[in-house]
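Trainee: Structure provided below as structure tokens; questions to follow.
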2 protein chains.
Amino acid sequence: MSKGNLIIVSGPSGSGKDTILNELFKLHPDIEFSISNVTRKRREGEGDKYHFITKEEFLRLLDDDMMLEYNEYLGNFYGTPRLPVEKAIEAGHDIIVEIDVNGAEKIKKKMPQAISIFILPPSMEILQNRLKRRGTETDDQIDDRLTQAKNEIARISQYDYVVFNDELSDAVKDVEMIILSNRMKYKNQQQTIERKF
Amino acid sequence: MSKGNLIIVSGPSGSGKDTILNELFKLHPDIEFSISNVTRKRREGEGDKYHFITKEEFLRLLDDDMMLEYNEYLGNFYGTPRLPVEKAIEAGHDIIVEIDVNGAEKIKKKMPQAISIFILPPSMEILQNRLKRRGTETDDQIDDRLTQAKNEIARISQYDYVVFNDELSDAVKDVEMIILSNRMKYKNQQQTIERKF
């Protein structure tokens, strides 16, 4: 059995990373998605996007070193649990963590073998247009998003791969190629090779 | 302009690496192929498979550190010139060196950023059958090839990627994915990103 990989995906709001990942999961239902633990209350209609746990449970997981990364925001905790990631990898499945640049940096420190991908829009102008077209934010909020995007892109050198999201179908193929090619790494196939030869 | 990559391809005789690379060059005429310098005489109908140079020329290249690797066999020199590889990379082209395990090890030491791929047959039995079906070697020669294959596979851990050549079209796609995904590495796109953002 070959081992799976942990794949970190980041990218500014409006880069289209959610859409890319949704398309990817349609093509590869075997790829898992890391679900965050959060201590805030579930909102109407949020479904199973997060694991909602108590602060006590979260702090216990932290004490037991069971979180790959976490942060505190407005009195609540948000983080990536370690166990589902390790289980997926051992079972030979790839697992994707969608996370911001800070979280990506923390995970990469704990798991240097993780593969990190940054999704870029073709340009800042196009990113601005996409955010405007989306129509869900005010002009001030869009300005904040753009500033945040610039700050994130300034730290892009910590990523292994960069995918430009110009055409959605191309970007999906690019992310797919990165994931599939990493399955062919010697270290991921070592057991299979040793069994056969 | 993005930089190109040096791609090292190895695999035992009968693994099908020549056929895979021929198919790949049809799909991607932009990918270059590193032509070896050799000091032996050109054989009938060999065309431009090698650069035939004199021993004096070869030794001068060696003195000037212009060879990525070389070896001596029956009084003649064979080696990979450095300049065409560096030129291709600077021009943003990928360039493939097809070479044995010893040569691959030497090149990887000089250019650790090179991407190395080992082509494996599905099993030793299938390799043996392929060599027999080829009908170009005696039984003794086939035994030698199999021993050599085992020795090469014993050193497979030095390679970045391993591709199983079960179905030719799949193996071609696998090698293609490895090459295309490496173009998306941050370090290869750094200049483009810095220009755009």
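The values are calculated or read from the model by the stated rules, or taken from the named source; none is laboratory data. All of these numbers come straight from a predicted model, not from anything done at the bench. Note that each Cβ is placed from the backbone with ideal geometry, even for glycine, and that neighbours are counted across all protein chains shown.
So that you can scan it fast, the table gives a plain yes or no per residue for (1) surrounded by 16 or more Cβ atoms within 10 Å (Cβ to Cβ); (2) among the β-branched types (Val, Ile, Thr); (3) at negative phi:
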position	(1), (2), (3)
A:122	no, no, yes
A:129	no, no, yes
A:135	no, no, no
A:142	yes, yes, yes
A:147	no, yes, yes
A:153	yes, yes, yes
A:162	yes, yes, yes
A:165	yes, no, yes
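Trainee: Conditions: (1) at the interface with another protein chain (Cβ under 9 Å from one of its Cβ atoms); (2) within 26 Å of residue A:192 (Cβ to Cβ); (3) surrounded by 16 or more Cβ atoms within 10 Å (Cβ to Cβ). Residue B:189 meets all but one. Number of the miss?
Mentor: Condition (2) is where residue B:189 drops out.
Trainee: For region B:167-184, give me the residue count where each residue is touching a residue at least 60 places away in the same chain (Cβ under 8 Å), surrounded by fewer than 20 Cβ atoms within 10 Å (Cβ to Cβ) and facing chain A (nearest Cβ under 7 Å).
Mentor: 0
Trainee: Can you find a residue in region B:171-192 that is β-branched (Val, Ile, Thr), modelled with pLDDT under 95 and under 30 Å from residue A:150 (Cα atoms)? Please lay out each step first, then the result.
Mentor: Within region B:171-192, the subset β-branched (Val, Ile, Thr) is B:172, B:175, B:178-179, B:192.
With modelled with pLDDT under 95 added as a condition, the list becomes B:192.
Next, from what is left, pick out any that are under 30 Å from residue A:150 (Cα atoms): B:192.
Yes, because at least one residue in region B:171-192 is β-branched (Val, Ile, Thr), modelled with pLDDT under 95 and under 30 Å from residue A:150 (Cα atoms).
Trainee: Then there is this: Go through B:67, B:111 for me and flag whichever is under 26 Å from residue B:156 (Cβ atoms) and in contact (Cβ under 8 Å) with a residue 40 or more places away in the chain. Don't jump to the end; show me each part of the working.
Mentor: Details: B:67 fails: in contact (Cβ under 8 Å) with a residue 40 or more places away in the chain.
It is B:111.
Trainee: If you scan region A:122-160, which residues turn out to be more than 8 Å from chain B (Cβ to nearest Cβ), in contact with a helix residue (DSSP H, G or I) (Cβ under 7 Å, 6 or more places away or on another chain) and of a type in the set (Val, Ile, Thr)?
Mentor: Within region A:122-160, A:142 is the sole residue that qualifies.
Trainee: Against the condition at the interface with chain B (Cβ under 10 Å from one of its Cβ atoms), farther than 17 Å from residue A:113 by Cβ and touching a helix residue (DSSP H, G or I) at 6+ places or on another chain (Cβ under 8 Å), how does residue A:163 come out, does it pass?
Mentor: Spelling it out, residue A:163 is indeed at the interface with chain B (Cβ under 10 Å from one of its Cβ atoms), farther than 17 Å from residue A:113 by Cβ and touching a helix residue (DSSP H, G or I) at 6+ places or on another chain (Cβ under 8 Å).
Trainee: Which of the following residues is under 28 Å from residue B:145 (Cβ atoms), away from chain A (no Cβ under 14 Å) and loosely packed, with under 15 Cβ neighbours inside 10 Å: B:44, B:98, B:69? It would help to see each step written out before you state the result.
Mentor: On the way: B:98 fails: loosely packed, with under 15 Cβ neighbours inside 10 Å; B:69 fails: loosely packed, with under 15 Cβ neighbours inside 10 Å.
The match here is B:44.
Trainee: For region B:23-42, give me each residue that is hydrophobic (A, V, I, L, M, F, W, C) and assigned to a strand (DSSP E or B). If you could, list the steps in order and put the result at the bottom.
Mentor: First, the residues of region B:23-42 that are hydrophobic (A, V, I, L, M, F, W, C): B:24-25, B:27, B:31, B:33, B:35, B:38.
The answer is B:33, B:38.
Trainee: Being under 17 Å from residue A:186 (Cα atoms) and more than 14 Å from chain A (Cβ to nearest Cβ), is that true of even one residue in region B:113-121? I'd like the intermediate steps shown before the answer.
Mentor: Here is the first cut: in region B:113-121, the ones under 17 Å from residue A:186 (Cα atoms) are B:113-121.
Filter once more, keeping what is more than 14 Å from chain A (Cβ to nearest Cβ): B:114.
Yes, region B:113-121 has at least one match.
Trainee: Which one is nearest to the chain's Cα centre (by Cα), of the residues in region B:43-92 that are part of a loop (DSSP other than H, G, I, E, B) and closer than 27 Å to residue B:179 by Cα? Don't jump to the end; show me each part of the working.
Mentor: The initial filter retains those residues of region B:43-92 that are part of a loop (DSSP other than H, G, I, E, B), namely B:43-49, B:53-54, B:64-66, B:74-75, B:91-92.
Still in the running and closer than 27 Å to residue B:179 by Cα: B:48-49, B:66, B:91-92.
Details: B:48: 17, B:49: 13, B:66: 18, B:91: 19, B:92: 18 Å.
Among those that are part of a loop (DSSP other than H, G, I, E, B) and closer than 27 Å to residue B:179 by Cα, it is B:49.
Trainee: Would you be able to say whether some residue in region A:178-191 is of a type in the set (Gly, Ala, Ser) and more than 19 Å from residue A:17 (Cβ to Cβ)?
Mentor: So the first thing to find is which residues in region A:178-191 are of a type in the set (Gly, Ala, Ser), and the list is A:181.
Of the ones still in play, those that are also more than 19 Å from residue A:17 (Cβ to Cβ) are A:181.
Yes, that holds for at least one residue.
Trainee: Also: Identify, from the list A:102, A:129, the residue that is among the polar types (S, T, N, Q) and more than 20 Å from the chain's Cα centre (by Cα). Show your work before the answer.
Mentor: Values: A:102 fails: more than 20 Å from the chain's Cα centre (by Cα).
Exactly one of A:102, A:129 is among the polar types (S, T, N, Q) and more than 20 Å from the chain's Cα centre (by Cα), namely A:129.
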